[in-house]
Number of protein chains: 2
Amino acid sequence: MANTKPARGMRDFLPSDVRKRNYVIGIIKEVYESYGFEPLETPAVENIETLTGKYGEEGSQLIFKILKRGEKLDANASEKDLSDLALRYDLTVPLARVVANHRNDLPKFFKRYQIQPVWRADRPARGRFREFYQCDVDAIGSNSMLVEAELCAAVSEILSRLGFNSFAIHLNNRKILTAILDASGITIDKQTDALIALDKIDKIGPEKFQEELIERGIQQESIENFGRFMAAVYSKMDELLYSTETKNRTDFNKTVFEMIANFIGDNEQGKKGLQELREIFDYTNNNKNSFVDVALARGLSYYTGTIMEITLRDSAFKSDSDFVISLGGGGRYDGLIGMFGKEQIPACGFSLGLERILVVMEERGMFPKELSDSSADVLVTVWNEDAIGESLKLAAELRKENLRVLVYPEADKLGKQFKYADSIKIPFVCVLGENELAENKVTLKNLRTGEQETLGRDEISKRIKE
Amino acid sequence: MANTKPARGMRDFLPSDVRKRNYVIGIIKEVYESYGFEPLETPAVENIETLTGKYGEEGSQLIFKILKRGEKLDANASEKDLSDLALRYDLTVPLARVVANHRNDLPKFFKRYQIQPVWRADRPARGRFREFYQCDVDAIGSNSMLVEAELCAAVSEILSRLGFNSFAIHLNNRKILTAILDASGITIDKQTDALIALDKIDKIGPEKFQEELIERGIQQESIENFGRFMAAVYSKMDELLYSTETKNRTDFNKTVFEMIANFIGDNEQGKKGLQELREIFDYTNNNKNSFVDVALARGLSYYTGTIMEITLRDSAFKSDSDFVISLGGGGRYDGLIGMFGKEQIPACGFSLGLERILVVMEERGMFPKELSDSSADVLVTVWNEDAIGESLKLAAELRKENLRVLVYPEADKLGKQFKYADSIKIPFVCVLGENELAENKVTLKNLRTGEQETLGRDEISKRIKE
């Protein structure tokens, strides 16, 4: 028998999967649209030159390339000769291409969201797929921290509406990080190494972190300076942040701002970063979910200012970090959107981890019950072939009342039709049997309670909606 | 400067495009769901064996194949060695694969719709793209014509709700066609040729049609038999069908049933086809848009019973056929869904031409005006940097009232902010200027009428909704 599985690392979404995915996507869209973000869609397939050189050595290996059509194969053919197209690898490069291509058609401040699949030839693993959705939102054209403030507010609203009530927004700024490293005495050529290690501190702990810095050839004294500062912040975190009182969290942020300011001294870029970060907190009136996280380092080659991440813990702000799930992140990347054009365009974005959100919601049973339930509100039976027209007519009447109606798709024994309705969890059955047809009535049975009653045709929908 | 165009034959969808597409897709989904159809999604990428041999010689050439990853290229490599995956070419083969793979998880009568892009390496032309959406609905597991009746009803409802009020559903049956060819004396080995010619009769006219049959080696006498029968039906069509009275259309169908019955005589398969076609009309109570079209021949190797097509004319049922647009078609194909398994599974489906529908709606200006309009209901101005927090707070209040609110994304001159709102067609502007901030009021300006008034913050949303 033929292999009927989807391709490796890819998934079929059966109806209950699609309903759950669409439920989450629907809320995301609704919230983003309420903030004035507009939908953009780009093709799955891009010219290979559009993607080449945009994702580094490692990313480049993971791009799915499409074979040229109708070409003669050559003994000396290289991969470059064989392929002219490739599958979309992320949503940021296509956005940059669209902005360059349509600069005159797009508003000056272009706020777009895009929820589409991307493809990566990664080794599939639990929760890692070769086809998965990205869910990006980006605001282009403004340097103001107002943008960051709105992104934090929008993402918070999405998670709240999905039913997450304990998540944390980690905020940091690339300029602050650089200033902290400068002030520690870590030279510019070692800063990327230090940040790569910092990015892992959550997983490896502070001791391993120090070891790694030594291995990377950073001077003992600088490591100690850096470590002392981080330790001081972390101790404030334990003292103030992991408290349940919002007031203490605000105090924490204030305290950390002062600690950073003292530590970085007169570093101009650092002061600018600090000012930017302060503005975000001011603009959001200290959003209760946000806090300064000096250890947040994500995606460094990319970001130029603010960096953000949303995490979920068993209980928010709990210091035990062995159960931290990232639900998404983003930041300001002023160099990227202009990659296809001449001008530098300020931009800030956030990418929600849609697949991760779906997994967590499934594990925690957070989907509304009706999504996993049936495809229809009511099943209309078919008494015999001569009565099919009548069953279809009743179904049409009920659909006019906004009910989802399944007509049993052939004439058969009533018992079988009831059993079928039950097996696919349809809550109501409308029986149009011999007597009902003769009297122009319908017997309505509630399969959950077992109750049934014979009603006039115009009473049915009202009763079901009750 | 880099090439920033999408790949050949592919399209970027800017926000107003996406809104229009989603509007149409939303109505299609809503109607199909009201008929108990459920959503299915399959991956863009399939194993190449899944697609191989399913689309004939010509189709096979148009499949986009994906280059294997990390393979050494070989001097003797064939295309087969180079590619293990391919892009989805249609939605039917993936459906058949899913049905075979999940036979036990799916309901006995599986009714699914699927609206996803497919990719074909076709030569791009006006209205023909290399990435385009298909929009399929299929009911699996029932032999009853109830299924066809529901498909006709659902598709009619979709087109009506989209605003098409003059379309025609052409119905025919593969078994009837075979019986008519038999009765004409056209031997089985020539029937496919005859049907291919028939499929084009709309375009080439009856004379060219006859010529083509002669060229294909069909006997003169058979052609005359066949031609006489078709001409007789067509003359009835002129007399009865292209009238505006529904009654005449019903008469037409009855008359054609009799003509077919007389012509095919005792042909068992033909009688069965005729019975099936009659049932569809009975079950739908002679849906005013449906008629028997003996010349309808579409996709022959595929279909085993009913065939259907929806067309649009400048005025429905007008005999002048130089402006006929097909908006979709389908039929019963009992052999196809079982291709990956052992059992034969009855199935009937319909594919709406989503891209065509969008083009026609655009040309005819059928989209609701608000879709091409702005992304937001109101713009909130930003007086200066110190007032950003207040502007964001007002925006949050208005969003709670279900308004879509754009905050001008930086502090700037008010005049510039008004101009921007106007340029992106936002109908209202909320001004939070110096005076308004001092008095805790908001000035609301209607950009369409030019009116403005200063209101309490809690009055704004009510006034906008008026």
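The values are calculated or read from the model by the stated rules, or taken from the named source; none is laboratory data. Bear in mind that the values here come from a model prediction, so they are computed numbers and not experimental data. All Cβ positions, glycine included, derive from the backbone under ideal geometry; neighbour counts span all protein chains shown. Accessible surface areas use protein heavy atoms only, side chains included; no ligands, DNA or RNA. Shrake-Rupley method; radii C 1.70, N 1.55, O 1.52, S 1.80 Å.
Residue check, A:Glu363 against (1) surrounded by 17 or more Cβ atoms within 10 Å (Cβ to Cβ); (2) under 24 Å from the mean Cα position of the chain (by Cα); (3) among the acidic types (Asp, Glu), all met but one. Which one?
A:Glu363 satisfies every listed condition except (1).
What do you reckon, is B:Lys445 assigned to a strand (DSSP E or B) and away from chain A (no Cβ under 11 Å)?
Yes; evaluated as a whole, the condition is true for this residue.
Filter the range B:130-152 down to the residues that are of a type in the set (A, V, I, L, M) and facing chain A (nearest Cβ under 7 Å), then identify the one that is farthest from A:Arg399 (Cα to Cα).
Among those that are of a type in the set (A, V, I, L, M) and facing chain A (nearest Cβ under 7 Å), it is B:Ala139.
Part of a loop (DSSP other than H, G, I, E, B) and open to solvent by 60 Å² or more (accessible area, probe 1.4 Å): is that true of A:Thr454 in this structure?
no
Is there any pair with a first residue in the range B:249-272 that is in the same structural domain as B:Asn289 (by TED's automatic domain parsing) and a second that is among the aromatic types (Phe, Trp, Tyr) whose Cβ atoms are under 7 Å apart and which are 6 or more apart or on different chains, and what are they?
Within 7 Å, the pairs are B:Arg249/B:Phe291; B:Phe252/B:Phe291; B:Asn253/B:Phe281; B:Asn253/B:Phe291; B:Phe263/B:Phe229.
Would you confirm whether or not the range B:44-67 contains a residue that is touching a helix residue (DSSP H, G or I) at 6+ places or on another chain (Cβ under 9 Å), crowded, with 20+ Cβ neighbours inside 10 Å, among the hydrophobic types (A, V, I, L, M, F, W, C) and part of a strand (DSSP E or B)?
Within the range B:44-67, one or more residues are touching a helix residue (DSSP H, G or I) at 6+ places or on another chain (Cβ under 9 Å), crowded, with 20+ Cβ neighbours inside 10 Å, among the hydrophobic types (A, V, I, L, M, F, W, C) and part of a strand (DSSP E or B).
For the range A:80-109, what are the residues that are more than 9 Å from chain B (Cβ to nearest Cβ), over 16 Å from A:Ile63 (Cβ atoms) and either at pLDDT 95 or above or in contact with a strand residue (DSSP E or B) (Cβ under 8 Å, 6 or more places away or on another chain) (or both)?
A:Leu95
Of the conditions (1) more than 21 Å from B:Ala168 (Cα to Cα); (2) in a helix (DSSP H, G or I); (3) of a type outside the set (S, T, N, Q); (4) at pLDDT 90 or above, B:Asp266 clears all except one; give me its number.
Going through the list (1) more than 21 Å from B:Ala168 (Cα to Cα); (2) in a helix (DSSP H, G or I); (3) of a type outside the set (S, T, N, Q); (4) at pLDDT 90 or above, B:Asp266 breaks only (2).
Of the conditions (1) farther than 17 Å from A:Ile188 by Cα; (2) of a type in the set (A, V, I, L, M, F, W, C); (3) open to solvent by less than 10 Å² (accessible area, probe 1.4 Å), A:Ala297 clears all except one; give me its number.
Single failed check for A:Ala297: (1).
Keeping to the range B:432-451, report how many residues are open to solvent by 60 Å² or more (accessible area, probe 1.4 Å), closer than 17 Å to B:Ala421 by Cβ and touching a residue at least 12 places away in the same chain (Cβ under 8 Å).
Number satisfying all stated conditions: 1.
Being of a type outside the set (D, E, K, R) and modelled with pLDDT of 95 or more is the requirement here; does A:Ser391 meet it?
For A:Ser391, the condition - of a type outside the set (D, E, K, R) and modelled with pLDDT of 95 or more - is met.
If I ask for residues that are more than 7 Å from every other protein chain (Cβ to nearest Cβ) and either surrounded by 21 or more Cβ atoms within 10 Å (Cβ to Cβ) or in contact with a Pro (Cβ under 8 Å, 6 or more places away or on another chain) (or both), which ones from the range A:404-416 would you list?
A:Tyr408
Enumerate the helices (runs of 4 or more DSSP H) found wholly within the range B:305-408, keeping only those where 1 or more residues are in contact (Cβ under 8 Å) with a residue 12 or more places away in the chain and under 25 Å from A:Ser144 (Cβ atoms).
Here the list reads B:388-400.
Let me confirm something: among A:Tyr32, A:Tyr23, which residue is hydroxyl-bearing (Ser, Thr, Tyr), touching a Pro at 6+ places or on another chain (Cβ under 9 Å) and surrounded by fewer than 20 Cβ atoms within 10 Å (Cβ to Cβ)?
Answer to the check: A:Tyr23.
So, A:Lys369, is that one basic (Lys, Arg) and within 13 Å of chain B (Cβ to nearest Cβ) or not?
no
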